[in-house]
Structures are given as C-alpha cells and as structure tokens.
Amino acid sequence: MYPLDRPASISGQQSPEHEGACPPGVWRDIFRGSGAEGLGLPSSLTSHRERSPLPKPASCRRFERVVRSVKIALDAAADPITTLERSKGAARDAARSLDASSRLVFARTLTFHIISEYWSRLRSMHQVSRRLTPPFIDVGGSLPDDIRAAAKIIGTAAAHTHPVTSGYFLGTTYAAVLPDEIRAGLGVYYTPPALAERLLDQATAAGVDWSTCTVLDPACGGGAFLAPAAQRIVKQSSHLEPAALIHEVTSRIKGFELDPFAAWMSQVFVEATLLPLCRETEAPIPIMAEVCDTLMADPGPHRYDLVIGNPPYGRVSLPRDLRERYSRSLHGHANLYGIFTDVALRWVRPGGVIAYVTPTSFLSGEYFTRLRALLAREAPPASIDFIGRRKGVFDDVLQQALLATYRKNSNQSEAGAWVVAPNDIGEVSVARAGSFLLPNDGREPWLVPRSCEQSDLVARMRVMPHRLVDWGYQVSTGPLVWNRHKSQLQAQHGKGTLPLVWAEAVTQEGRFVFRAGKKNHQPYFRPKAKEDWLIVRAPCVLLQRTTAPEQGRRLYAAELPSSFLKRYGGAVVENHLNMVRPTGPRPAVPSTVLAAFLNSQVADVAFRCINGSVAVSAYELESLPLPPPKTLGPVTAMIEAGAKADDIERAFAHLYANP
C-alpha cells in the first residue's frame with residue numbers, strides 16, 4: 001500500500017492472491033494481432049515502463065475549458081452527475097489526437113489519478129484511514145499538472161455519488177479513452193446502474209438468497225455487478241459486526257477480468273461500498289477481482305449460487321484447443337458472449353442462477369443453435385427483459401440487448417418476458433410482455449413476445465407446424481459480394497453484361513425497381529468465365545437482408561419478374577438481398593402471394609417475435625411459423641382479383657388469429 005498523497009507513485013503491485021490462481025493466455029491469444037501482452041495488443045502498447053510525461057493533445061485545451069466550467073459548477077453545488085458526464089466527453093475528445101500506445105497509457109493514468117482523488121475524498125467523508133489498493137498493473141505514465149488538476153475535480157464529483165454510480169461513470173470514462181481496437185477487442189461496454197439493479201432484482205426473483213449466496217462475475221471490469229451485489233449482502237447481513245460483515249461479503253463474491261486495470265477498478269468500487277464499515281474495524285479486505293483468462297479457468301469442485309455479468313461480445317476465431325473445450329455450445333462462427341454463457345453453465349451450482357446482459361441474437365441466430373439447445377437442456381430461462389431501445393443505453397454502441405436469468409437444472413417450463421426502457425435520469429420503466437415456452441427442440445429459435453400485444457400471437461405461432469419449405473420455397477443470400485468484384489461493375493449495358501440487382505431495387509411499397517443510385521453502385525455486371533454461379537435465371541422473391549428494429553417494417557419484399565430476366569437473359573443479385581426461391585416447378589403458394597404476405601403487417605410482427613438482430617437471415621425466414629398452404633386459397637383469389645390492400649391485410653391477419 002502507499003499513501004494517497006503520492007499519486008505520482010503508480011505502482012503495478014499485484015497481490016499474492018492473483019499469482020497462479022487462474023491461467024492466463026488463451027483469451028488474449030484470440031486477439032493476437034490487435035493487442036498487447038495481457039491484453040492481446042502490440043507490445044509497443046505496453047512498453048511504457050518509465051514515468052515519461054504524455055504528449056499533450058491539442059484537444060486537451062477543450063478538456064481544460066470544460067474542466068474549468070465544471071469546477072465553477074461544482075463549486076456552486078451543481079449536480080455531480082452532470083460533472084461526470086461532461087468530463088467523460090471531454091476526456092474522450094482529448095484522447096482522440098493521441099496514437100494508440102499513448103492513448104492506452106493516458107486512459108490508465110488519467111483514470112488512476114481520478115480514482116486516487118475519489119478515494120481520498122471518500123476517506124475524508126467517512127473518516128477512515130484505509131488506503132487505496134494499488135493498481136494490479138504498472139500504469140506507466142504521468143499527466144501534465146493542469147490535467148492532474150482536472151482529475152481531482154472529476155474524482156471529487158465522483159465521491160459525491162453512490163459507489164455503484166461512481167463506478168459506472170469512471171468505468172465508462174476509462175472505456176471512452178481506450179484505443180478503439182482494445183475497447184472493441186475486449187468488449188469494454190459497461191452496464192448502466194439501473195439495468196444492473198434490474199438484473200439483480202430478476203436474479204432475486206429467480207431464487208437468489210442474499211443472506212447466503214455466493215456470486216461470480218466472470219467479466220467483472222468496473223464492478224458493475226460486484227459492487228451492488230456486495231451492497232445487497234451488506235443489507236441482508238446488517239446484524240453482523242463490521243469485521244464479520246466485511247468477511248461475509250468478501251468471502252462470498254468473486255470476479256474474473258482479463259484487463260488488470262479494469263479488474264483493479266472493480267476491486268476499488270467494491271471496497272468503496274464497504275468503506276463505511278471501516279470506521280469501526282481495521283479488518284483486511286482481500287482481493288476479490290482476479291486477473292485471469294476466464295475462458296481457461298477451471299471451476300474444479302467450486303460452484304456459485306449466482307453467475308452474473310455483462311460478458312464481452314463479438315465474433316472471434318478460436319484456437320483449436322479452445323474450440324474443442326467449448327464445442328458443445330458452438331455451431332459455425334463463435335461469439336464471445338456465447339462462450340461466456342457456456343462458462344457460466346460450468347461455474348453455477350445445480351439450482352443456481354445465471355443472470356446475463358447479452359445481445360438478443362442468440363434467440364434465433366443459426367450460429368447459436370447448439371447454445372440454445374444447451375441452455376434449454378441445462379438451464380432453462382426464468383425471465384427475459386428486452387431493452388426497449390438500442391441507442392444511448394450502452395456508451396458508444398448501438399446494440400439490441402436483453403437481460404436474462406436462467407436456473408441450472410430447472411424443470412420450469414414457462415418463463416416471463418418484460419420490456420425495460422431506460423430513461424435519461426438513470427431509471428428504467430418495466431412493462432410485462434407476457435410469458436413464453438421453449439420449443440420442443442431447443443435448437444430452434446425461441447419465440448418470445450416483445451410487447452403485451454404480441455403475447456397471444458406468440459402462443460398461436462408456437463403451435464403452427466408449417467414453415468416456408470411447406471409453401472414450396474427455400475432462402476439463399478444474393479451471391480455477389482460486390483467489393484470482391486469491383487472491376488466487373490459496369491455503368492453501361494453491353495455484350496456480356498447482366499443487370500446487377502442491389503437492395504435498393506426492393507422499394508418500401510413492395511415493388512421491384514431496377515436502379516443503382518447509391519454510392520459505389522453500378523447497374524450492370526460482367527461475369528467472368530466459370531462465374532455462372534453468380535447468375536440468377538429463374539424468378540424469385542427478393543427480400544432486403546438488413547433492416548433496423550426502428551424501421552416501420554422489418555420485411556421488404558418484391559418479386560424479381562420473369563419478364564425482366566427474360567429480357568436480359570438473367571441477372572446478378574447482390575449480397576444484401578435474400579432470394580426466396582421455389583424448390584420445385586409448382587410451389588404450393590404462388591410467388592405473388594408470398595411477396596404480399598412478406599410485406600404484410602402480421603408477417604412483420606411475427607418476424608419481430610423471432611428475430612434478434614438487424615439481419616433478416618435465411619435461417620430465421622425458414623424458421624418462421626406459417627399458416628397451412630391450403631388456407632391461403634381465399635387470399636390468393638383476392639390478390640388475383642385486385643382486392644384492396646387493407647382487405648388483404650385483414651385476410652393474412654385472420655390466418656394467424658385462427659391457425
């Protein structure tokens with residue numbers, strides 16, 4: 001330990017509890033080529049061992065101006081949350097003009113000085129002498145005096161907030177300043193306190209007993225879950241003497257984290273939660289946040305009552321040994337959050353609870369078929385909360401996400417669904433969407449209502465056995481990845497060229513319009529020899545492959561007319577379109593009816609109940625529950641007779657109302 005009045009002494013001491021406790025190595029190897037030793041980054045990014053001053057970016061002037069205005073606001077008893085928000089934005093701007101190696105050092109050094117002042121203020125406020133636990137890694141830089149003064153202001157503001165809130169804002173400040181490749185590679189996106197509390201509430205509802213439970217966060221950077229978990233244990237065990245209470249908390253919570261600095265922050269904010277108890281005891285606080293590679297950790301005989309967290313996410317290429325280790329949950333491409341879900345299943349005890357913040361894509365994505373089956377078999381869901389918006393929830397990322405709880409070895413067949421909506425004042429509103437059952441085959445997409453209006457529809461869809469193949473169709477992706485064939489794109493039609501059909505050819509009104517008006521788009525393509533596989537010669541229904549949940553519809557379809565193909569002898573379809581193609585010469589449902597159905601409101605709502613990302617995937621389309629083909633006769637007649645669009649909409653809706 002070292003005195004708080006020596007902030008320039010940034011020691012990289014690591015406590016004995018870390019040594020050999022959890023094997024390093026494999027996870028960081030995943031990021032080799034984009035990261036350093038201990039973080040999978042180039043060694044140049046961790047070579048700053050001397051206390052050399054950081055270069056002062058030009059944008060630091062803006063940082064200093066904001067800090068001066070923040071100091072005036074703070075002196076006038078302004079809201080500390082506003083202080084922390086403004087300072088985070090200024091720190092991000094200041095870091096942008098630094099190269100990656102300097103930016104990593106700046107992130108750690110700035111955050112260290114902020115936390116040092118934060119701790120100093122907490123000591124004074126609580127009248128305790130406990131010193132700040134030293135960082136678990138050599139921070140390796142020094143700050144100009146004016147930025148150190150700014151760090152003191154930020155740390156002071158943080159001390160006037162709850163430890164969970166201060167942990168979030170200082171954690172997101174650290175994340176905002178990190179080099180982009182490190183932040184993306186390690187998935188550093190911290191959970192807002194209100195969502196963390198909601199997930200803890202759902203874990204409690206799933207059976208967690210805070211008077212006895214043990215807790216593990218396998219990706220604990222920033223302490224978003226460990227600190228509020230510690231707070232709940234303190235509240236439940238408040239009858240104990242301070243020394244016994246500190247032991248009760250610290251013996252029951254544990255965190256793993258690959259980034260040593262983020263692990264240290266987690267340790268600090270758990271300690272901050274316990275600091276009021278230190279007025280009456282000098283009991284030691286052991287290390288609870290362990291620096292290790294979670295993917296290589298072996299639980300041995302030890303299991304936890306609750307495994308909770310916001311694991312990193314992103315597609316990764318796994319080494320062979322790691323792929324074999326997690327093969328039971330992998331199908332095709334691996335995503336980190338899916339692997340961490342498998343990790344949770346290994347660390348939670350029978351009857352215990354898993355509570356995770358993850359993207360929604362696992363609910364229906366083809367690459368998550370084995371993970372869904374594993375969860376359905378070993379830990380069925382107890383609850384799913386859909387986060388009602390993508391933007392502005394997690395700093396600097398646009399992501400469809402959910403909060404989910406699971407019970408290990410549970411026989412529960414029904415789970416609840418909610419929609420939670422964070423607001424701008426750090427609260428969430430909660431609305432029940434209904435309940436859902438898992439499919440008989442857990443590998444299949446999970447149908448879950450996203451609103452109370454969808455609840456009855458989901459129940460009906462669950463008993464509808466027909467799929468697109470029963471209508472006589474299959475789905476494939478447009479074969480042309482245009483940027484691999486740039487030299488073959490043509491502005492004019494000529495000998496050997498064919499029309500190139502882009503996603504923009506499918507209009508929002510469900511019409512096919514041959515056009516190429518967007519940047520880099522050309523209307524024609526010249527196939528080379530042996531590229532016949534790129535050419536489409538038979539009519540099909542085209543469907544836009546990427547749409548956002550915020551759009552009025554997710555499904556935009558149009559027929560690729562046979563007359564168009566006949567005129568040019570074929571066409572080339574670009575990769576951002578799906579092609580819904582007949583499996584035989586006489587499909588059970590005409591293509592005109594299929595296109596009209598895909599453009600209908602009921603199809604859009606049904607698809608939203610199954611989809612988990614911005615992609616409109618072939619797998620999800622082929623998994624969508626559909627009415628029996630024989631029931632489409634009346635609507636087919638209506639379309640052929642030119643019936644009004646509203647009448648056709650009602651006819652399609654009726655097919656789902658009476659499956």
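Some observations on this one:
- Checking residue 322 against (1) surrounded by fewer than 24 Cβ atoms within 10 Å (Cβ to Cβ); (2) touching a Gly at 6+ places or on another chain (Cβ under 7 Å), the condition it does not meet: (2)
- Count - residues of the stretch 368-408 that are modelled with pLDDT of 95 or more and open to solvent by 60 Å² or more (accessible area, probe 1.4 Å): 3
- Subset of the stretch 309-354 (residues that are within 19 Å of residue 409 (Cα to Cα) and either of a type in the set (S, T, N, Q) or part of a strand (DSSP E or B) (or both)): 329, 341, 348, 349, 350, 351, 352, 353, 354
- Tally, over the stretch 445-474, of residues that are of a type in the set (Asp, Glu) and open to solvent by 80 Å² or more (accessible area, probe 1.4 Å): 2
- Failed criterion for residue 306 (all others in (1) aliphatic (A, V, I, L, M); (2) part of a loop (DSSP other than H, G, I, E, B); (3) closer than 21 Å to residue 220 by Cβ hold): (2)
- Test: residue in the stretch 458-471 that is in contact with a Cys (Cβ under 6 Å, 6 or more places away or on another chain) and either closer than 25 Å to residue 624 by Cβ or not in a strand (DSSP E or B) (or both): yes
- Residues satisfying the stated conditions in the stretch 476-526, i.e. of a type in the set (Asp, Glu) and assigned to a loop (DSSP other than H, G, I, E, B): 509
- Cβ pairs under 9 Å, 6+ apart, first in the stretch 151-171 and within 12 Å of residue 88 (Cα to Cα) and free of Cβ contacts under 8 Å to residues at least 60 places away in the same chain, second of a type in the set (Lys, Arg) and outside any helix (DSSP H, G or I): none
- Pick from the stretch 419-435, criterion touching a residue at least 40 places away in the same chain (Cβ under 8 Å) and not aliphatic (A, V, I, L, M), ranking: surrounded by the most Cβ atoms within 10 Å (Cβ to Cβ): 422
- Within the stretch 388-416, residues that are farther than 20 Å from residue 364 by Cβ sit with their Cβ atoms under 8 Å from residues that are modelled with pLDDT of 85 or more and basic (Lys, Arg), at 6+ positions apart or across chains, in these pairs: 408/349.
- Some residue of the stretch 58-80 being open to solvent by less than 20 Å² (accessible area, probe 1.4 Å) and at pLDDT 85 or above: no
- Pairs, first in contact (Cβ under 8 Å) with a residue 12 or more places away in the chain in the stretch 370-384, second among the polar types (S, T, N, Q) and open to solvent by 10 Å² or more (accessible area, probe 1.4 Å), C-beta under 6 Å, six or more apart: 380/410; 380/412; 383/202
- For the stretch 535-567, the candidate set comprises residues that are part of a loop (DSSP other than H, G, I, E, B) and either on the phi > 0 side of the Ramachandran plot or basic (Lys, Arg) (or both); within that set, the residue that is surrounded by the most Cβ atoms within 10 Å (Cβ to Cβ) is 545.
- Qualifying position, being open to solvent by less than 90 Å² (accessible area, probe 1.4 Å), without any contact (Cβ under 8 Å) to a residue 40 or more places away in the chain and not aliphatic (A, V, I, L, M), among 510, 494: 494
- Evaluating residue 529 against the criteria (1) surrounded by fewer than 19 Cβ atoms within 10 Å (Cβ to Cβ); (2) not in a loop (DSSP other than H, G, I, E, B) leaves one unmet condition, (2).
- Of the set (1) at pLDDT 95 or above; (2) within 25 Å of residue 388 (Cα to Cα); (3) open to solvent by 40 Å² or more (accessible area, probe 1.4 Å), all apply to residue 637 but (2).
- For the stretch 157-178, filtering for residues that are aliphatic (A, V, I, L, M) and either open to solvent by 10 Å² or more (accessible area, probe 1.4 Å) or part of a loop (DSSP other than H, G, I, E, B) (or both) leaves 2.
The values are calculated or read from the model by the stated rules, or taken from the named source; none is laboratory data. All figures in this text were calculated on a predicted structure; none of them were measured in a lab. Don't worry about glycine lacking a Cβ; one is built from the backbone with ideal geometry, like all the others, and counts go over all protein chains shown. Just so you know, the surface numbers come from the protein's heavy atoms only, side chains and all, with ligands and any DNA or RNA stripped out. Shrake-Rupley method; radii C 1.70, N 1.55, O 1.52, S 1.80 Å.
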